[in-house]
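The values are calculated or read from the model by the stated rules, or taken from the named source; none is laboratory data. Please read all numbers here as calculations on a predicted model, not as lab measurements. As a convention, Cβ positions derive from the backbone with ideal geometry for all residues, glycine included, and neighbour counts pool all protein chains shown. These area figures cover heavy atoms from the full protein model, side chains too; ligands, DNA and RNA do not enter into them. Shrake-Rupley method; radii C 1.70, N 1.55, O 1.52, S 1.80 Å.
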Amino acid sequence: IETLIQEIREKKSAYTHFTILRDSNFNRRRQSGLLIVKCKEYPFVVKLFMETPDMFVKPYKKGFYPMFFYFMGGGVNRHLSGFTRIKNAEKFRSLVDNNPYWKSRVDMPRKWYWLPKDAQWITISGSNIGHYKHISIDIPGTYCIIADAIDLERSMTLVNAEDRIESMALCNTAKFIIDPHIDNFAIERNSKKIVIVDTEHFPSMVG
């Protein structure tokens, strides 16, 4: 991943150790946004989040979806929502594991946070927020979420009535803390379990 970050800083569009899965929400020239890649030699997917103080407040320069979610969610961007993914995944797993119907039918990949060796930080400061006269927080300008790569049999689809019913029933069980969009659900090849692809906190993203 250190090599990947260096190649991004050199504005390369192909990477030594990774295959690009999605780069539509990443601005290479400004080195900002979300880049999703898969390891060539290991069974892992890496979601790389990069921001600068300038681009942090310019969602309209990262593509249609970041701009859309920025206005819909009231200011929460992908960089911030990424911090919710692992905690939300743990909460989701707890809800599923305590449900007799879902606990043997649903799974999700393991996930870890990762910071580069020379991590640069962004300080966000505000005044008169709630009962705070002044408040600030430091967040990493670059970080990754590493997850197990999933061997998918197929993605779930709206065309399939059973897929629609199952995905919405699962979201109701989870109190809609995960994205109910059908693309967020897939069937794992060997286990035949429903796998949740994305675990960011959905209410935060949509306001």
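So for the stretch 75-90 (the condition being under 23 Å from GLY141 (Cβ atoms), over 19 Å from the mean Cα position of the chain (by Cα) and either surrounded by 18 or more Cβ atoms within 10 Å (Cβ to Cβ) or at pLDDT 85 or above (or both)), does at least one residue qualify?
No: zero hits.
Output the residues belonging to the stretch 174-190 that are open to solvent by 40 Å² or more (accessible area, probe 1.4 Å) and polar (S, T, N, Q).
Listed by number, the list holds a single entry, ASN190.
Name the single residue, out of those in the stretch 116-133 being farther than 22 Å from VAL57 by Cα and under 22 Å from the mean Cα position of the chain (by Cα), that is surrounded by the most Cβ atoms within 10 Å (Cβ to Cβ).
That would be PRO116.
Can you pull out every residue in the stretch 4-44 that is open to solvent by less than 60 Å² (accessible area, probe 1.4 Å) and part of a helix (DSSP H, G or I)?
Across the stretch 4-44, the qualifying residues are LEU4, ILE5, GLU7, ILE8.
Would you check if VAL106 is modelled with pLDDT of 90 or more, of a type in the set (A, V, I, L, M, F, W, C) and in contact with a helix residue (DSSP H, G or I) (Cβ under 6 Å, 6 or more places away or on another chain)?
yes
Just the residues that are in a strand (DSSP E or B), β-branched (Val, Ile, Thr) and surrounded by 18 or more Cβ atoms within 10 Å (Cβ to Cβ), please, taken from the stretch 134-159. Spell out how you get there, then give the answer.
Here is the first cut: in the stretch 134-159, the ones in a strand (DSSP E or B) are 134-140, 142-148, 152-155.
With the extra rule that they be β-branched (Val, Ile, Thr), the set shrinks to 135, 137, 139, 142, 145-146.
Listed by number, the residues that qualify are THR142, ILE145, ILE146.
Considering only residues that are part of a loop (DSSP other than H, G, I, E, B) and within 16 Å of the chain's Cα centre (by Cα), which ones fall in the stretch 45-62?
Once the filter is applied, which keeps residues that are part of a loop (DSSP other than H, G, I, E, B) and within 16 Å of the chain's Cα centre (by Cα), the stretch 45-62 yields GLU51, LYS62.
Hey, could you check the stretch 60-94 for residues that are in contact with a Gly (Cβ under 6 Å, 6 or more places away or on another chain) and small (Gly, Ala, Ser) and say which is farthest from ASN25 (Cα to Cα)?
This residue is GLY74.
Can you find a residue in the stretch 160-169 that is in a helix (DSSP H, G or I), of a type in the set (Val, Ile, Thr) and either loosely packed, with under 11 Cβ neighbours inside 10 Å or touching a His at 6+ places or on another chain (Cβ under 8 Å) (or both)?
yes
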